Amino acid sequence: MPLQARFKHCPTCGAAVDYRIPADDNRERAVCPSCHAIHYQNPLNVVGTLPVWEADGRVLLCRRAIEPRHGLWTLPAGFMELGETTAEGALRETQEEAGADVEMGPLYSLMNVVRVGQVHLFYLARLRSPAFNPGPESLEARLFAEDDIPWDEIAFKTTRETLRLYFEDRRAGQGFPLRAVDIA
């Protein structure tokens, strides 16, 4: 059974689709018997930042004002939009959710979340100011030292793992390599 919701009608012509394995393919796809279009469903990209206030090493988290996981803490992130790069999307989400002014750094973590058909990408970002103006998707935005992070109130495994790796790398003092992780 596909991870994503099945659709019943062809987005091209509106006819009812059949699910079958097309010739020269190895996966079941939505195939239109009328216009013969083959419709592929692919993972969604979630892009965001791990914003750091370098003066004291605290990280910025946002408390969610929306579902899923309303009221829990997360890094500023969201679905990538068409027409933007992953870095542009991460910056946009950081501005929308936290109202934070950041300087984008390198890609830090790539999290494969196969069970929900998503790939999460987090960039390191340097906060230019400790002042925030959260948007409607966030109840608040706040800086946390590692010992003050509400670990039991983190909304998503990808956020928890990115934070864990970041603080581990920070303690090691060897820099921040790209981390690729599969999330169960």
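Pull out a ≥ b ≥ c, the square roots of the eigenvalues of the alpha-carbon gyration tensor of the stretch 38-95, then state rounded if a/c is under 1.5, prolate if not and a/b is larger than b/c, and oblate in the remaining case. It would help to have the intermediate numbers written out before the result.
On the way: a/c = 3.13, a/b = 1.60, b/c = 1.95.
Oblate is the answer for the stretch 38-95, as a/c is 1.5 or above yet b/c matches or exceeds a/b.
Could you tell me how far the Cα centroid of the stretch 25-55 sits from the Cα centroid of the stretch 126-177, in Å?
Here the two parts' Cα centres lie 27 Å apart.
For the chain, can you list the cysteines whose C-beta has no other cysteine C-beta under 4.7 Å from it?
If one checks each Cβ against the other cysteines of the chain, C62 turn up with nothing under 4.7 Å.
Check which residues have an amide H placed less than 5 Å from R20's amide H, if you skip close sequence neighbours.
HN-HN under 5 Å from R20: R29, V31.
Under a 5 Å amide H to amide H cut-off, with H placed in plane at 1.01 Å, what residues pair with L44 once short-range neighbours are removed?
Excluding prolines and chain starts, which carry no amide H, the hits are Q118, V119.
Once a ≥ b ≥ c are taken as the square roots of the eigenvalues of the Cα gyration tensor of the stretch 59-178, is the result rounded (a/c under 1.5), prolate (a/b larger than b/c) or oblate (a/b not larger than b/c)?
Numbers: a/c = 1.16, a/b = 1.08, b/c = 1.07.
Judged from the Cα gyration tensor, the stretch 59-178 comes out rounded (a/c under 1.5).
Using the Kirkwood radius over Cα pairs, work out the Stokes-Einstein diffusion coefficient for the stretch 1-109 at 10 °C and 1.306 mPa s, in µm²/s as a whole number.
Details: Rh = 17.0 Å.
Rounded, D is 93 µm²/s.
Sort M104, M80 by Cβ crowding within 10 Å, fewest neighbours at the top. Could the numbers behind the result be given before it?
Working: M104 16, M80 21.
Ranking M104, M80 by Cβ neighbours within 10 Å, fewest first, gives M104, M80.
How high is the relative contact order of the chain, given as a whole-number percent (alpha carbon pairs under 8 Å, six or more residues apart)? List each step's numbers first, then the result.
Working: 374 pairs, mean separation 40.1, N = 184.
Reported as a whole number, the value is 22 percent.
Amide H neighbours of L50 under 5 Å, at least 5 residues apart or on other chains, H built in the peptide plane: list them.
For L50, the qualifying residues are Y123, L124, A125.
Take every DSSP beta bridge whose two residues both sit in the chain, then give the antiparallel share in percent to the nearest 5. Walk me through the intermediate numbers first.
Working: 28 of 42 bridges.
If we restrict to bridges inside the chain, about 65 percent are antiparallel.
Explain nothing, just compute: Karplus ³J(HN,Hα) = 6.51 cos²θ - 1.76 cosθ + 1.60, θ = phi - 60°, for every residue of the stretch 26-43 in order, whole Hz, x for Gly and Pro.
10, 10, 5, 9, 7, 10, 8, x, 8, 9, 6, 5, 9, 10, 9, 10, 10, x
Below 15 angstrom from the Cβ of E67, what's the summed charge of the other residues (Lys, Arg +1; Asp, Glu -1)?
Details: positive: R63, R64, R69; negative: E97, E137.
So the surrounding residues net to +1.
Under the Karplus relation 6.51 cos²θ - 1.76 cosθ + 1.60, θ = phi - 60°, what is the ordered set of whole-Hz ³J(HN,Hα) values for the stretch 100-110, x standing for Gly and Pro?
My calculation for the stretch 100-110 gives 9, 9, 10, 9, 5, x, x, 4, 10, 9, 10 Hz in order.
State whether the stretch 1-41 is rounded, prolate or oblate according to the following rule on the C-alpha gyration tensor (a ≥ b ≥ c being the square roots of its eigenvalues): a/c under 1.5 gives rounded; otherwise a/b larger than b/c gives prolate, and the remaining case gives oblate.
On the way: a/c = 2.19, a/b = 1.20, b/c = 1.82.
In terms of gyration-tensor shape, oblate.
Which peptide among 115-124, 135-144 comes first, and what is the full order, when sorted by highest mean count of other Cβ atoms within 10 Å? Before the final figure, lay out the partial values.
Values: 115-124: 18.5, 135-144: 16.3.
Packing order, densest peptide first, comes out as 115-124, 135-144.
Farthest toward the dipole's positive end in the stretch 44-182, which of G83, A100, V119, given Cβ charges of +1 (Lys, Arg) and -1 (Asp, Glu) about the Cα centre?
Selected residue: V119.
Relative to the longest principal Cα axis of the chain, at what angle does helix 86-98 sit, 0 to 90 degrees, rounded to 10?
Between helix and principal axis, roughly 60 degrees.
Residue-wise, which Karplus ³J(HN,Hα) couplings in Hz belong to the stretch 117-127, taking 6.51 cos²θ - 1.76 cosθ + 1.60, θ = phi - 60°, and x for glycine or proline?
Whole-Hz 3J(HN,Hα) from phi for the stretch 117-127: x, 10, 10, 9, 10, 10, 9, 5, 8, 9, 6.
Count neighbours as other Cβ atoms within 10 Å of each site's Cβ, and list the chymotrypsin sites (Phe, Trp or Tyr not before Pro) in the stretch 33-98 that are DSSP loop with at most 16 such neighbours.
For chymotrypsin sites (Phe, Trp or Tyr not before Pro) across the stretch 33-98 that sit outside H, G, I, E and B with at most 16 neighbouring Cβ atoms in 10 Å, the list reads Y40.
Values in this text are rule-based calculations from the coordinates and carry no lab data. What you see is a predicted model, and the numbers here were worked out from it, not measured in a lab. Neighbour counts are summed over all protein chains in view; Cβ atoms, including those assigned to glycine, are modelled from backbone coordinates with ideal geometry.
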